Amino acid sequence: MQTKRADIRLDALWCWLLMALAFVVSLWWFVLPLLHAGDDAFYHMLRIEALYQQLSHGLWREPLNRLFFQGAGYASATCYPDIFLYIPALLRFGGLEIAQCFSLFIMLCMGASLLTAFWAGKSITGSSFIGAAVAIIYALCQYKMDCSYARAALGEIQAFVFLPLVAAALHDLAFRHFSRPWLMVLAFGGLMLTHTLSCFVAVLLSALFCLIFVRRVWAHVPRLCLMAGLTLALTAFYWLPCMELLLRMDLHAAHPWTFAFQNAVAPTEVFANVLLGEGKAGLGWELPLLCLPVLCMHGGALRRMAWFCLIGALLLTVAATSLVPWEKAGVLGVVQFPWRLYSFASLLYALAAACGWQDAVQRFASKGQAWAGLALAALTLVMVVAAVRHAPLMDNRYFDLGKDYFAQGAETTYVGGGEWLPFTLDLPQLKLDLRACARDARSAQCPRAVDDRQNPVPLLRSADGTRLTVGLNGATRRFVDVPLVWYYGYTAFFVPADKAFAGEAALAAAMQQAVQAAVPTGAQALRVTDNGKGFCRVWLEGAEQDSKSRAVSAENAGNAEKAASAKGTEGAASAASAENMAGAEITENSESTASAQATNQPEALGQAGLLLVQYAGTRVQFGAGWFSFATLVFVCLGLARRLLRRQPELKP
């Protein structure tokens with residue numbers, strides 16, 4: 001299937017104009033500054049806004065998105081890759097509204113996917129015509145439009161950028177002697193850092209591709225394994241902490257709220273003009289129509305490649321239907337929605353159709369350039385008509401959210417099925433409690449810090465959301481429940497009332513996925529565990545509290561002394577008073593206000609002591625980041641050495 005450079009002429013300006021037209025049509029339903037509200041739009045905007053608030057406090061990498069659930073936290077940052085979401089988060093610093101940042105980022109992804117599709121098509125076949133045709137079909141295909149508008153599936157929208165690179169990398173592996181191994185790292189590394197499920201499916205399909213062309217691939221297996229290891233090393237800062245959290249905790253992700261066999265596509269709807277969702281999914285009629293020229297192709301490498309892509313697309317299309325026994329799929333059932341295969345099928349249909357149209361132009365129009373331009377224009381017209389015809393189904397809901405939507409008491413519980421919540425947490429009840437609290441901050445349903453007698457205790461939250469301070473009031477307590485979603489990694493430390501650290505406390509893993517702090521003799525020990533309802537419980541064990549007022553600090557083990565001494569001077573405690581408790585919205589206070597609150601903190605929380613709880617990160621959280629950074633440095637040094645070695649010697 002190694003194709004020769006095509007003998008077809010195409011005006012470059014005309015080619016780029018048609019691609020630009022397809023790009024503009026694909027963005028037609030974005031109306032700035034309004035938000036086109038797809039199914040997952042508010043969840044992904046919450047992720048972006050949480051990153052923006054995190055960056056505004058100088059925190060570049062946090063394992064929890066603290067904006068969720070009005071400050072209770074959500075592990076989306078650990079389990080859902082967000083490296084590219086820093087782009088829209090940084091746009092917020094330019095004064096743009098959250099809806100504008102979200103929409104602009106989707107536009108950027110759609111433009112990038114059009115360019116990668118063009119490059120991949122041209123790289124595989126050597127033809128600008130095929131590259132442009134692939135880009136146009138890929139930009140306006142029905143499944144991609146549904147993901148962008150109806151679903152607002154930001155992870156898959158980002159993955160669309162890297163799927164064409166996967167196709168180019170596999171072609172390079174099998175038919176060009178693996179001359180560009182870096183392309184494999186870029187393609188699969190990008191998928192890993194955008195949408196893990198798409199990466200999982202891509203790995204399975206790539207393994208099947210290697211089995212089909214095992215004779216061509218076998219000689220490159222050592223280098224292929226090396227590139228796989230390099231990809232894993234460069235992305236370790238994401239998947240290593242994610243795997244640790246999934247192995248240590250029982251999350252909702254281990255108990256799917258929906259199953260693949262429930263979402264399989266009906267065979268009669270495969271090529272129908274239906275909206276994605278609610279048990280329906282379609283590829284549209286335009287893809288099989290554009291692939292008809294493949295049936296008339298003559299022999300040659302281009303024909304073999306077209307038929308390979310077409311057969312592969314048809315098999316993926318059938319695999320997404322109820323004709324496949326998805327209830328027996330086993331590990332493949334993690335995809336939840338079989339129509340996720342449509343993203344791969346759409347690309348293969350685009351490649352097959354582009355090859356068929358090029359062959360038709362070459363056979364029936366030997367003059368080339370004019371007929372090639374007309375053929376590309378006709379192909380573009382078909383895709384534009386199909387997109388316009390499908391648009392009314394996309395439920396065009398527009399909202400004007402304003403600049404600080406999530407800072408104005410907006411709901412922060414958009415998490416879909418809540419895959420990254422502890423399984424013990426009752427998500428519907430939590431949503432009801434937070435909605436009641438939003439209507440009345442004094443409501444008894446507001447999550448708050450309570451002791452073992454269910455008596456509320458005063459609570460303050462730091463401005464950056466990383467520290468939660470609870471008043472102990474001198475009473476003897478067995479534990480204190482704090483309004484933070486329970487995740488492995490919360491810690492606590494003792495600090496005397498005069499804020500002079502009495503001795504470094506060592507962390508030790510305790511039973512039931514807890515973290516236990518070894519404290520000075522005569523003081524109480526602390527364990528942060530699940531309270532049985534998915535929230536944090538701090539157990540106060542050991543000696544009873546004395547009348548001299550001891551405090552508990554939650555800084556990292558290595559920086560506990562520094563953090564304790566700075567606790568009274570930084571003015572980090574902001575936001576809620578004792579009445580607001582945990583349900584209060586996180587707000588940014590001025591330095592003077594924060595300093596005043598810090599000065600009056602003992603009076604606000606009681607004279608008997610303070611309890612601070614902070615998420616210190618899982619054990620591999622920071623090590624994985626440094627490991628990935630070191631790997632990246634070695635890769636850059638290796639590439640530089642290779643480039644310098646290739647420089648030709650100067651002849652006298």
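The values are calculated or read from the model by the stated rules, or taken from the named source; none is laboratory data. As the structure is a prediction and not an experimental result, all values here were calculated from the model. Cβ atoms come from the backbone with ideal geometry, glycine included; neighbour counts cover every protein chain shown. Surface accessibility is based on the protein's heavy atoms, side chains included, excluding ligands, DNA and RNA. Shrake-Rupley method; radii C 1.70, N 1.55, O 1.52, S 1.80 Å.
The slack between M243 and A370, meaning 0.36 nm per residue of separation minus the straight C-alpha distance, is 40.2 nm. Largest first, the extents of the alpha carbon coordinates of the range 215-331 on the three principal axes equal 56, 45, 24 Å.
Rolling a 1.4 Å probe over the protein chains gives W420 an accessible area of about 50 Å². Normalised per residue, the accessible area of the range 157-236 is 41 Å², obtained with a 1.4 Å probe and no contribution from ligands, DNA or RNA. Reported to the nearest whole Å, the Cα centre-to-centre distance from the range 435-464 to the range 105-161 is 47. Could you compute how fast the range 409-474 diffuses translationally, taking Rh as the Kirkwood radius over C-alpha pairs and applying Stokes-Einstein at 4 °C with viscosity 1.567 mPa s? Give it in µm² per second. This corresponds to a translational diffusion coefficient of 93 µm²/s. For Y490, the amide hydrogen comes within under 5 Å of the amide hydrogens of A616, counting only partners 5 or more places away or on other chains and with H modelled in the peptide plane. Here the range 412-470 has 50 percent of its accessible surface on carbon and sulfur atoms, given a 1.4 Å probe and all protein chains in place. For the range 31-136, the Cα-based Rg and Dmax, in that order, read 17.1, 54 Å. Pull up all non-local amide H partners of L459: gap of 5 or more, or a different chain, and H-to-H distance under 5 Å with H placed in the peptide plane. Here G471, A578, M581 satisfy the definition. The residues of the range 18-61 expose, per residue, 37 Å² of accessible area to a 1.4 Å probe. Residue by residue, the range 17-26 carries 3J(HN,Hα) couplings of 5, 5, 5, 5, 4, 4, 5, 5, 4, 5 Hz when phi is fed to the Karplus relation 6.51 cos²θ - 1.76 cosθ + 1.60 (θ = phi - 60°); x denotes Gly or Pro. Taking only protein heavy atoms and a 1.4 Å probe, the accessible area of the range 202-353 is 72% carbon and sulfur. Take D400: with every protein chain present and a 1.4 Å probe, its accessible area is about 110 Å².
What FRET efficiency comes out for the pair I83/V334, r = Cβ-Cβ distance, R0 = 25 Å, nearest 0.05? Numbers along the way, then the final one.
On the way: r = 22 Å, r/R0 = 0.88.
About 0.70, to the nearest 0.05.
For the range 316-407, the fraction of C-alpha pairs more than 21 angstrom apart is 62%.
Here the label points at Q429 and Q262, each 7 Å from Cα along the C-beta direction, are separated by 2.1 nm in the simple model.
With all protein chains in place and a 1.4 Å probe, the accessible surface of the range 51-184 carries 68 percent carbon and sulfur.
For A152, the residues 5 or more places off, or on other chains, whose built amide H falls under 5 Å of its own are D39, D40.
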